[in-house]
Every structure is written in structure tokens, then in C-alpha cells.
Amino acid sequence: MTDAPNDNGSETKLVAAPQEQPSALMMWLGLADNSFTRQKTVKFGDPTAVNSGRLYSFITVIFLLLLWWVTTSQGWVKPIYWPSFEAVGNRLTKLYEQGFRNVALWEHVYISVYRVLTGVFFGAIVGIPLGFAMGLSSVARGLFDPIVEFMRPIPPLALIPLIILWLGIDETAKITLLFLAALFIMIIAARSGVSGVKISKVHAAYSLGASKFQVLKNVILPNALPEIFTGIRTAMGVCWGTVVAAELVAAEKGVGSMIMIAKNFLQTDTVVIGIIIIGIIGYAIEMLMRLLERWLIPWRGKG
Amino acid sequence: MDDADHNGLSVDKVSMVFTLPGGGSVHALNNVSLDLASGELMSVLGPSGCGKTTLLNIIAGFLAPTEGGVFLNGHQVTGPAAERGMVFQQGALFEWLDVRKNISFGPRMMGKSKKEWGPKVDHLLDIVGLGDFGDKPVYQLSGGMQQRVALARCLANDPDVILMDEPLGALDALTREKMQGLVLKLWKETGKTIVLITHSVEEALFLGERLIVMAPRPGRIHREYRLPFAEQGLTISPREIKASADFVEKREEILSMIWEMEEEIMGRASA
């Protein structure tokens with residue numbers, strides 16, 4: 001059999017790859033499909049047949065920037081509604097050099113990020129054990145379930161008036177608000193992480209001689225880590241949105257307070273810069289968390 | 001109890017009745033008794049709903065029987081313990097640990113040092129053919145390799161009895177045949193008592209020194225066989241055994257037995 005021609009008498013010959021290959025640039029720009037998609041006959045409805053369309057993204061960005069440039073330089077839009085490129089550039093230099101209201105720009109950013117991290121940290125420290133208890137014990141579940149289910153649908157912003165009444169407007173008040181925003185997210189994430197354990201893993205551990213505590217530490221905890229991490233990521237996002245809003249209401253420092261105060265002085269350029277910074281930081285937090293997740297929990301979704 | 005000085009596994013008149021939330025009850029097992037001498041390999045076969053998994057869970061100690069009891073070397077089973085190891089179908093490995101940490105889980109939980117379990121785990125890795133995979137995360141392994149890890153993890157604890165719940169059920173046909181050879185080899189080399197639950201008549205016949213066929217509603221032992229094939233499998237090739245007239249005849253006999261049970265259930269359900 002070996003080295004012999006195959007059944008129909010011809011030698012085995014590989015079909016050559018298709019001659020025409022679109023350039024890497026065309027593929028990167030999303031103007032050409034890769035060779036898998038090109039040979040598909042069903043493309044509409046196949047999610048993998050939709051490519052990045054990167055060229056169109058560039059078109060969108062360039063169009064928006066052009067629109068900005070033309071409308072402001074031609075005076076079609078008054079600077080008070082939307083500032084010109086130049087004004088934003090000048091303001092950014094000024095903010096960078098002198099800060100805003102005697103507080104350096106980086107400090108406004110830092111204080112907002114610091115509040116978020118502190119709130120999420122305490123939310124996790126309290127929420128994870130509570131979520132575990134609720135997932136493991138009927139008593140804990142019964143005790144905390146009404147509170148968790150009641151608080152879950154309430155947007156954290158709705159708590160601001162009460163928090164101000166109780167705690168005033170100092171740092172404690174803000175961190176308490178963020179703590180509450182993160183707490184219920186973390187409880188629910190930890191609880192569902194615990195409840196999601198495959199019973200065969202728990203049974204396997206007991207059959208290997210593990211004690212209850214060892215099952216908790218070596219099976220239930222690591223098994224819940226992906227869910228807990230998702231909780232932290234969600235909490236970070238929610239808290240970032242909440243901190244900006246809380247600073248809009250009452251704060252001396254922070255990106256949110258910066259744009260609110262700037263508004264009162266009709267400094268639209270500062271407002272726009274603030275909004276861009278908020279967007280960039282929110283995006284950076286999300287990206288950082290995804291990176292951390294890939295690094296810390298490589299087994300996610302592979303059980 | 002005449003089983004007090006019995007060396008081996010004994011299931012004594014075990015019945016299991018589940019009460020349904022809406023009233024009514026299900027007789028999952030009715031008066032099941034069997035005795036396994038130390039070192040015997042028994043396969044358990046039956047149509048779905050015959051209570052074979054319930055039986056295994058009772059032996060493992062995950063469920064307490066409504067009546068009767070399970071005894072190992074004379075003492076009664078009251079919960080899971082390291083003396084009775086389990087091999088599950090799939091997905092019972094700890095995916096956050098690498099292969100070596102999975103296999104050494106039992107010894108580590110018992111507070112043994114790496115000096116004690118290290119050489120043993122290396123030896124087990126060789127036996128199951130995963131010598132080069134010790135440091136790999138388990139989720140990078142194929143289904144067949146994962147089940148090899150599950151077997152090794154169970155053996156690392158040196159249990160008296162190994163309970164296997166469809167351990168090869170999720171594997172493709174070829175991998176499954178290869179793994180059957182491995183199970184047979186491990187059984188012979190370690191001399192463990194093994195209870196194997198399977199849906200595959202061929203697997204039950206080939207691996208079971210003893211084979212019980214269970215019947216459903218209520219779950220009970222229907223027939224019991226003593227078979228030569230497992231012993232033959234240590235010297236003759238599995239393919240040859242499975243093609244032999246004796247094997248084929250037994251296979252057809254049991255298949256039609258289970259077929260009839262299924263038909264009867266269908267008939268009762270539609271009546």
C-alpha cells in the first residue's frame with residue numbers, strides 16, 4: 001500500500017492555494033475578506049463573515065474631526081456651545097501647566113480614580129464573604145436576600161441625597177456611595193460564583209479526602225474566581241460612572257467636579273477636555289481589567 | 001450483620017425512595033444486595049432510570065439509602081471518604097490546577113509532603129501515559145487525556161474501592177477503546193476493587209469480571225453474569241475478544257434484554 005498510487009490510479013496531489021491573495025493592508029482595512037470568508041457562500045447572518053471595517057472607522061473619526069474643525073473655525077457654532085481645536089489645545093496646555101482651580105490636572109484624575117478603587121476595594125472585601133455565605137448557607141441567604149434583592153435595582157445615584165443628608169459631602173460620603181454601588185454587585189457575583197460550582201467537582205474533592213474547609217478553599221473559591229472577577233470589572237465600570245456623577249453634585253476635586261465648575265464659568269473647552277478624560281480613563285480601566293483577567297484566570301470558561 | 005468480618009464491598013438490601021414535591025414517590029432502588037470481594041471488577045448496566053447512578057452515589061456516600069446499608073471491610077459507609085475514590089464522566093477535574101496538582105490533590109489534602117507524593121505522582125503520570133504533561137493546565141488536554149488524569153488522581157489516593165460513573169462516556173469511539181485497555185491494565189496492576197457504571201454493553205462485557213444488569217421501576221438487579229473477557233483481555237487483543245462468538249452472543253443477549261425493558265417502559269408510559 002505504501003508509496004503506491006491511490007485507488008483511482010492518480011498520485012495524491014495537493015490543490016494549490018488560491019492565486020489571488022488580497023494584500024495584508026486591504027485585509028487590515030477591512031476592504032477584503034480573509035480566505036475563509038471568501039469561500040463561504042452564506043455570508044449574511046454569519047457573524048464571523050463580518051470583518052473589522054476599519055477603513056470606515058477611520059472615515060467616521062476623520063469626518064467627526066472635520067466637522068468639529070469646520071463648524072468652529074467658520075463660526076457656525078458659538079465657542080460657548082462647542083470650543084475650537086485651538087481653544088481646547090490652549091486650555092489643555094494651561095490646565096497641564098497651572099492646573100484647574102489651584103489643583104493639578106493629574107490630581108483631579110487621581111482623586112477620582114482613588115475614590116473608585118477604594119469603593120470597589122471595600123465593596124469586594126465585604127461583598128465577597130457575604131456572597132459566599134449566601135451561596136453556602138440557607139440562614140445567610142434568608143437573612144440577606146431581601147436587602148440584596150431590594151437594593152439591586154436601585155441606581156447608586158438615587159442614594160446621593162440620603163448619603164448627603166447622613167454623611168455630608170466630604171470624602172467619607174463619596175466613598176460610602178461607591179462602596180454601596182460596588183457592594184451589591186460583588187455580593188451577587190460571589191453568590192453566583194458559588195452556586196455555579198459543578199457538584200461533581202465538590203463530590204470529587206470529598207472523595208479525595210478533603211474536609212469542608214478544604215473544599216471551600218480549594219474548590220469553591222477558585223471555581224468562583226472568574227465570576228468574582230467579572231463582578232470586580234462591572235463594579236469598576238459602575239463606580240466610575242457613579243463617581244463622576246457624585247462629583248458633579250458636590251466636590252472640590254475630581255474630574256466630575258472639574259467639568260461642573262468649569263460649566264459655571266462657561267469654560268466649555270475645559271468641559272470637553274474633562275469628558276474626553278472620563279472616556280479615556282473608563283476605557284483604560286476596562287482594558288486593564290481584561291488584561292488582568294487573562295493573566296490571573298487563564299482557565300476561565302474552560303471547565 | 002453477617003458482613004461484619006467481610007473483606008470487601010457489600011451492599012445490603014438497599015432501597016431508595018424519593019418523595020416528590022407534588023406528592024407521590026419514586027422507587028429508585030428496591031432491595032438491592034450485592035457482595036464484591038476485594039480486587040473484583042464489576043460493571044453495572046441498565047436502561048436509563050434503572051437507578052445505577054443512584055446506587056453508585058449511595059456506595060460513594062453522597063446519598064443515604066432509605067433502607068439498608070453499604071459496608072466496606074466490615075464498617076458502614078456514612079459519607080464520602082478517601083477509601084472510596086470516584087472517577088466521573090467529565091468536567092470533574094480542577095481546571096485551575098495543572099495536571100500534577102490535580103493528581104496530587106488527595107495526598108495534599110491529607111497534609112502529605114511533596115517528598116511523599118512527588119515520586120508517586122510521577123510514576124502515575126508514566127502509567128497513564130502523560131509523562132510529559134505534568135506541568136500542563138488540564139484544560140489544554142484532550143478529553144481522553146483528561147480522563148487519564150482523573151484515573152491517576154483517583155489512584156494517587158490509594159483507595160480500597162474505585163467507583164466509576166461513565167468514565168469513558170464522553171469520549172469518541174476509538175479513544176474509548178484505548179481507554180478500556182488502560183482501565184483493564186490499571187485494574188490488574190493495582191488490584192483495586194472497581195465498580196463501573198456504563199451505558200455501553202460492549203464496555204460492560206469487556207471490562208466486567210462480573211456484570212449486573214439492572215431493571216427500572218423500581219430499580220433492581222435483573223441478571224448477574226460472571227465473565228471471562230476481562231481476564232482474557234490481559235493477554236489477548238481487545239479486538240479479537242470483541243469479535244469472538246462467545247462475546248457477540250452475550251452482547252446480543254444483553255442488548256435484547258435491555259431493549260425489551262425499554263419497550264416495556266415505553267408501553268407503560270403510553271398506556
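The values are calculated or read from the model by the stated rules, or taken from the named source; none is laboratory data. Remember, predicted model here, so these are calculated numbers, not experimental data. Using ideal geometry, Cβ is built from the backbone for each residue, glycine included, and neighbour counts are taken over all protein chains shown.
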(message) Only one of A:227, A:252 is among the charged types (D, E, K, R) and either away from chain B (no Cβ under 14 Å) or crowded, with 22+ Cβ neighbours inside 10 Å (or both). Can you tell me which?
(response) A:252
(message) I'd like the residue in the stretch B:70-93 that is outside any strand (DSSP E or B) and small (Gly, Ala, Ser) and, out of all such residues, is farthest from the other protein chains (Cβ to nearest Cβ).
(response) B:74
(request) Test residue B:151 against the criterion of being within 16 Å of residue A:200 (Cα to Cα), buried (at least 21 other Cβ atoms within 10 Å of the Cβ), without any contact (Cβ under 8 Å) to a residue 40 or more places away in the chain and not small (Gly, Ala, Ser), and give yes or no. (result) no
(message) Return the residues of the stretch B:114-170 that are outside any helix (DSSP H, G or I) and more than 14 Å from chain A (Cβ to nearest Cβ); say none if nothing qualifies.
(response) B:128, B:129, B:130, B:131, B:132, B:133, B:134, B:168
(request) Give the stretch A:189-205 a look and list any residue that's within 13 Å of another protein chain (Cβ to nearest Cβ) and part of a helix (DSSP H, G or I), or say none. (result) A:193, A:199, A:200, A:201, A:202, A:203, A:204, A:205
(message) Considering only the stretch A:281-301, I want to know if a residue exists there that is in a loop (DSSP other than H, G, I, E, B), within 14 Å of chain B (Cβ to nearest Cβ) and surrounded by fewer than 13 Cβ atoms within 10 Å (Cβ to Cβ).
(response) yes
(request) Report, by residue number, each residue of the stretch B:47-69 that is part of a loop (DSSP other than H, G, I, E, B) and of a type in the set (A, V, I, L, M, F, W, C). (result) B:50, B:62, B:63, B:64
(request) Quick one: in the stretch A:142-176, of everything that is assigned to a loop (DSSP other than H, G, I, E, B) and aliphatic (A, V, I, L, M), which residue is nearest to residue A:114 (Cα to Cα)? (result) A:169
(message) touching a helix residue (DSSP H, G or I) at 6+ places or on another chain (Cβ under 6 Å), facing chain A (nearest Cβ under 10 Å) and not hydrophobic (A, V, I, L, M, F, W, C): which single residue out of B:47, B:107, B:65 fits that description?
(response) B:107
(request) Answer yes if at least one residue in the stretch A:101-116 is among the small types (Gly, Ala, Ser) and either farther than 29 Å from residue A:239 by Cα or in contact with a strand residue (DSSP E or B) (Cβ under 6 Å, 6 or more places away or on another chain) (or both), and no otherwise. (result) no
(message) Just to verify a result, which residue in the stretch A:149-201, among those that are of a type in the set (Gly, Ala, Ser) and touching a residue at least 40 places away in the same chain (Cβ under 8 Å), is surrounded by the most Cβ atoms within 10 Å (Cβ to Cβ)?
(response) A:182
(request) Determine, yes or no, whether residue A:263 is more than 30 Å from residue B:163 (Cβ to Cβ) and in contact with a strand residue (DSSP E or B) (Cβ under 7 Å, 6 or more places away or on another chain). (result) no
(message) I need the full set of residues from the stretch A:101-121 which are in a helix (DSSP H, G or I) and out of contact with any Leu (no Cβ under 8 Å at 6 or more places or on another chain), in order please.
(response) A:106, A:107, A:108, A:109, A:110, A:111, A:112, A:113, A:114, A:117, A:121
(request) Give the number of residues within the stretch A:202-217 that are surrounded by fewer than 18 Cβ atoms within 10 Å (Cβ to Cβ) and more than 36 Å from the chain's Cα centre (by Cα). (result) 1
(request) Among residues belonging to the stretch B:43-55 that are surrounded by fewer than 24 Cβ atoms within 10 Å (Cβ to Cβ) and either over 21 Å from residue B:266 (Cβ atoms) or of a type in the set (Val, Ile, Thr) (or both), point out the one that is farthest from the chain's Cα centre (by Cα). (result) B:54
(request) Test residue A:270 against the stated conditions and say whether it is under 24 Å from residue A:182 (Cα atoms), at pLDDT 90 or above and either of a type in the set (Val, Ile, Thr) or not in a helix (DSSP H, G or I) (or both). (result) no
(request) Output the number of residues of the stretch A:206-217 satisfying the condition of being more than 7 Å from every other protein chain (Cβ to nearest Cβ) and in a helix (DSSP H, G or I). (result) 5
(request) Please tell me if residue A:220 is more than 23 Å from residue A:240 (Cα to Cα), part of a helix (DSSP H, G or I), more than 10 Å from chain B (Cβ to nearest Cβ) and over 23 Å from the mean Cα position of the chain (by Cα). (result) yes
(message) Just to be sure before I move on: is residue A:120 surrounded by 19 or more Cβ atoms within 10 Å (Cβ to Cβ), more than 14 Å from chain B (Cβ to nearest Cβ) and either modelled with pLDDT of 95 or more or in contact with a Gly (Cβ under 9 Å, 6 or more places away or on another chain) (or both) in the structure I sent?
(response) yes
(message) When you scan the stretch A:253-261, do you find a residue that is within 19 Å of residue A:115 (Cα to Cα), under 13 Å from the mean Cα position of the chain (by Cα) and free of Cβ contacts under 8 Å to residues at least 40 places away in the same chain, even just one?
(response) no
